[in-house]
Amino acid sequence: MLDIKFIRENVEAVKTAAAAKRLSCDVDRLVEVDARRRELQLELDTLRSQVKESGQLVGLLRNPKSPGYQRAIQEGKSEAEIKARADAVQNELAEIKPKIKSLEETEGPILQEFDELMLTIPQPADPEVPIGKDETQNVELRKVGEVRRFEFEPKDHVALGAELDIIDIERGVKLSGSRNYTLKGDGALLHQAVLRLAQDMMIQRGFVPMVVPVLVKEEVMYGTGYFPTGRDQAYLCERDEKSLVGTAEVPLTALHCDEILSEAELPIKYCAMSMCFRREAGAAGKDTSGLYRIHLFEKVEQVIICRNDVEESKKFHAEILKNAEDVVQALGLPYRIVNVCTGDLGMGQVQKYDIETWMPSRNAYGETHSASRFYEFQTRRLRLRYRDGAKTVRFCHTLNNTVIASPRILIPILELYQNRDGTVTIPEALRPYMGGRERIEKA
RNA sequence: GGAGGAGUGGCCGAGCGGCUGAAGGCGACGGUCUUGAAAACCGUUAGGCGAGCAAUCGUCUCGGGGGUUCGAAUCCCUCCUCCUCCGCCA
């Protein structure tokens, strides 16, 4: 969410920024509603002020023991006169009250529309972000690692998984429909190994591991920017007005909502391993094969909540990107870093770097990580603030990035580490989590 | 799920329907004192929205929403959360 004052003073810039993100929002209507809202508040405040003052006067005039009553007596007023005065004031009030009521009735829908519109205004992208319409116009920043050349015909992860009996997609689909799967034996272990490695690396770097709810109230989804836009991507538990999160970013970022932290508590660095639920609405027919695009996966996520400082945000953005790169490097996977263009950026993101890991079966780099910074976008929605050195209350900045998401990351691991005989070498970093074994072979 | 009890400022805790956005205490911050620190003493210490260049002013908020009343933290209704007892249970 942006500051309404900023929007008022930068209408054209806000529109341009929204257009660059290819998001539609009605800034003109918002400005109009905002003007009306302020007008009404001014009127209401004035009337309420009158009512309050007169109400107190009535109280004094009705109470013989009050100083006001006594003063009137001393001024030579009779009891009847005082009562008449009280009645008169009360009658005035009786006229004002319906006015307030009616203004409030006008104000209600205006406020609601105001709030709704505010939630649809996107955060402008950083000037460093390339302008583009979709992911095809993301800009590659650098490539790391050598892409393996096979001296035999490599299999894809689906075939490998089936032959090694570690991935069973058919039965997953039988239970839960398309885009579901099961992991078996070493498949399940490999999945968990990757997550544990990632979490251990984050703990070493000072991130506090958390276990958080993945079924959250809708306001948490609004607060982090996933609602109202994107509501169709979430699994809803409508009976309870709750939603399954698509990432632990949601509960981690919202953890301190409605709080005013002290500056000394910042930066807060959390990581959490969680289930992630995604409907993948609108993705019908896309990435239908294998473990790439699925409804349920597990992820270790990193979140930083820091001071309201652009340079600091950028510094932490680099840090969380590096954390993830280190994990991918520890796994020995080739990848590239992409500067995501405006059209592929979410509502709230100022800038986003994706890590794309080489996947032989796609013959391309595929997104495995996504590092975003938001500035105040989420914290304004969440009312997440801190008191700075000058005792001023300010909105925090937030950032987040994947540490590892599995089973998607199993695609490059299985495919790149496969051997001619159909076995898969276990990356060294994962061996401690796999009983020290060096390879996965058919049981 | 059944029966009771409770929700006040960073925390504890008072609060008769009016002068209470809220006593008192703790904590925190600033100051006096001290070589320094402690103690003691003095002072400061909610957030939102709006108006204003600003000082400042107005309004809203005592779990949320609604109602009674000229006036509600204080009365009524409702929802939420927490605690205790009973039942069920990973």
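The values are calculated or read from the model by the stated rules, or taken from the named source; none is laboratory data. Since this is a predicted model, take the numbers as computed values, not measurements. Because the Cβ atoms are built from the backbone with ideal geometry, glycine has one as well, and the counts that use them run over all protein chains shown. These accessible areas exclude ligands, DNA and RNA; they are computed on the full protein's heavy atoms, side chains included. Shrake-Rupley method; radii C 1.70, N 1.55, O 1.52, S 1.80 Å.
For (1) closer than 27 Å to A:Pro213 by Cα; (2) within 14 Å of the chain's Cα centre (by Cα), each residue gets a yes or a no:
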{"position": "A:Ser243", "(1), (2)": "yes, yes"}
{"position": "A:Ala264", "(1), (2)": "yes, no"}
{"position": "A:Cys271", "(1), (2)": "yes, no"}
{"position": "A:Lys315", "(1), (2)": "no, no"}
**Study point:** Test for A:Gly55: is it touching a residue at least 12 places away in the same chain (Cβ under 8 Å), near RNA strand B (Cβ under 8 Å from one of its atoms) and not assigned by TED's automatic domain parsing to the domain that holds A:Phe374
**Key:** yes
Check your understanding: Of all residues in the range A:6-26 being of a type outside the set (Gly, Ala, Ser) and surrounded by 19 or more Cβ atoms within 10 Å (Cβ to Cβ), which is nearest to A:Cys396 (Cα to Cα)?
Key -> A:Ile7
Revision key, fill the gap. Counting only strands (runs of 3 or more DSSP E) entirely within the range A:302-401, those with at least 1 residues that are modelled with pLDDT of 95 or more and under 29 Å from A:Phe6 (Cα atoms) are A:335-339, A:351-359, A:364-375
Check your understanding: Going by the conditions given, is A:Ala193 of a type in the set (A, V, I, L, M), within 26 Å of A:Ala284 (Cβ to Cβ), part of a helix (DSSP H, G or I) and modelled with pLDDT of 95 or more?
Key -> no
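Residue-by-condition table, conditions (1) within 16 Å of RNA strand B (Cβ to nearest atom); (2) in contact with a strand residue (DSSP E or B) (Cβ under 8 Å, 6 or more places away or on another chain); (3) of a type in the set (Phe, Trp, Tyr):
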position: A:Glu241; (1), (2), (3): yes, yes, no
position: A:Gly246; (1), (2), (3): no, yes, no
position: A:Leu252; (1), (2), (3): no, yes, no
position: A:Ile260; (1), (2), (3): yes, yes, no
position: A:Cys271; (1), (2), (3): no, yes, no
position: A:Phe277; (1), (2), (3): no, yes, yes
**Study point:** Selection from the range A:115-153 of residues that are part of a helix (DSSP H, G or I) and closer than 19 Å to A:Tyr365 by Cα
**Key:** A:Glu135, A:Thr136, A:Gln137
Check your understanding: Within the range A:402-421, can you find the residues that are part of a loop (DSSP other than H, G, I, E, B) and open to solvent by 10 Å² or more (accessible area, probe 1.4 Å)?
Key -> A:Arg408, A:Tyr417, A:Asn419, A:Arg420, A:Asp421
Check your understanding: Before we move on, is A:Asp3 within 12 Å of RNA strand B (Cβ to nearest atom), touching a residue at least 60 places away in the same chain (Cβ under 8 Å), closer than 30 Å to A:Phe374 by Cβ and loosely packed, with under 15 Cβ neighbours inside 10 Å?
Key -> yes
Exercise for review: Please state which one of A:Lys322, A:Lys314, A:Lys286 is in contact with a Lys or Arg (Cβ under 8 Å, 6 or more places away or on another chain), in the same structural domain as A:Cys237 (by TED's automatic domain parsing) and free of Cβ contacts under 8 Å to residues at least 12 places away in the same chain.
Suggested key: A:Lys286
